[in-house]
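Notes for the one structure printed next.
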Amino acid sequence: MYAEALKPITDTMRKFPGVWDLPDAAGADKIKRLTIEVRTALNLTLPDEYIKFLKECDGLEFDGYIIYGTDHFLENQADYEDIAKQHIIFAEYDTGWFCMKKSDGSFWELDKPSGQEMQQFLCAGDMIRYILSSAVN
């Protein structure tokens with residue numbers, strides 16, 4: 001699902017072996033653990049598109065963009081406590097967060113540090129593809 005969007009990133013990473021490596025896919029056990037933790041701690045279900053991304057790449061850090069993987073997902077929410085009251089954060093970069101609004105399930109890019117909504121996405125998949133595209137441009 002995300003292989004095409006990841007290709008420019010993996011092509012760049014191959015030019016710098018050992019410096020940048022694409023994370024492996026998250027295994028079923030890690031995804032199950034994360035979904036249970038999020039359901040228990042936040043009373044929310046993770047979007048299918050985000051789960052599909054994790055099945056291809058367990059998080060990503062590239063050119064200042066960070067898509068959270070299965071490790072430390074809840075800790076990352078705690079790092080931005082004020083924003084996380086109303087949003088679930090899936091990714092960030094130097095001047096913004098990418099998240100889902102808890103109240104209605106909509107997906108947004110928020111300004112960092114104000115938390116002002118800047119851009120809305122139709123779904124988590126569109127948001128993830130936007131992040132991947134932005135990271136290589």
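Just so you know, all these numbers are worked out from the coordinates, no wet-lab data involved. Note that the coordinates shown come from a computational prediction; the quantities given were computed from them, not determined experimentally. Here the Cβ positions follow ideal geometry from the backbone for every residue, glycine too, while neighbour counts run over all protein chains shown.
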Checklist entry - Distance from the Cα centre of region 1-51 to that of region 83-137, in angstrom? => result 16
Next on the checklist: Taking the beta-carbon count within 10 Å as an exposure proxy, list Cys123, Cys99, Cys57 from fewest neighbours to most.
Outcome noted: Cys123, Cys57, Cys99
Checklist entry - When the Karplus curve 6.51 cos²θ - 1.76 cosθ + 1.60 is applied with θ = phi - 60°, which whole-Hz ³J(HN,Hα) does each residue of region 5-11 get, with x for Gly and Pro? => result 5, 7, 4, x, 6, 5, 4
Checklist entry - Taking amide H positions as placed 1.01 Å from N in the peptide plane, with prolines and chain starts having none, which residues 5 or more places from Ala26, or on another chain, fall under 5 Å of its amide H? => result Lys55, Glu56, Cys57, Asp58
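Below 10 angstrom from the Cβ of Gly64, what's the summed charge of the other residues (Lys, Arg +1; Asp, Glu -1)?
Values: positive: none; negative: Glu61, Asp63, Glu92, Asp94.
Cβ neighbours under 10 Å give a net charge of -4.
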Checklist entry - Once you sort the root eigenvalues of the Cα gyration tensor of region 5-137 as a ≥ b ≥ c, which label holds: rounded (a/c under 1.5), prolate (a/b larger than b/c) or oblate (the other case)? => result oblate
Checklist entry - If you place +1 on the Cβ of every Lys and Arg and -1 on the Cβ of every Asp and Glu, how big does the dipole about the Cα centre of the chain come out, in debye to the nearest 20? => result 340
Item to check | Cα→Cβ-extended label distance, 7 Å offset, between Thr35 and Phe16, nm | outcome: 3.5
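Which of the pairs Lys7/Lys52; Lys7/Lys85; Lys7/Lys112; Lys30/Lys102; Lys7/Lys55 have their Cα atoms more than 26 Å apart in this structure?
Lys7/Lys85; Lys7/Lys112
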Checklist entry - Listing Ser103, Ser134 from the residue with the fewest other Cβ atoms within 10 Å to the one with the most, what is the order? => result Ser103, Ser134
Checklist entry - Hey, fewest Cβ within 10 Å first, where do Arg129, Arg39 land in order? => result Arg39, Arg129
Checklist outcome for this item: When the charge dipole of region 2-135 is computed with +1 at the Cβ of Lys and Arg and -1 at the Cβ of Asp and Glu, the Cα pointing farthest to the positive end, of Cys99, Gln119, Ala41, is that of Ala41
Checklist outcome for this item: For His87, other-chain or 5+-apart residues with amide H closer than 5 Å (H placed, Pro excluded) are Lys102
Item to check | Table column - 3J(HN,Hα) (Hz), region 119-125, Karplus curve with 6.51, -1.76, 1.60, x for Gly and Pro | outcome: 8, 9, 10, 5, 7, 4, x
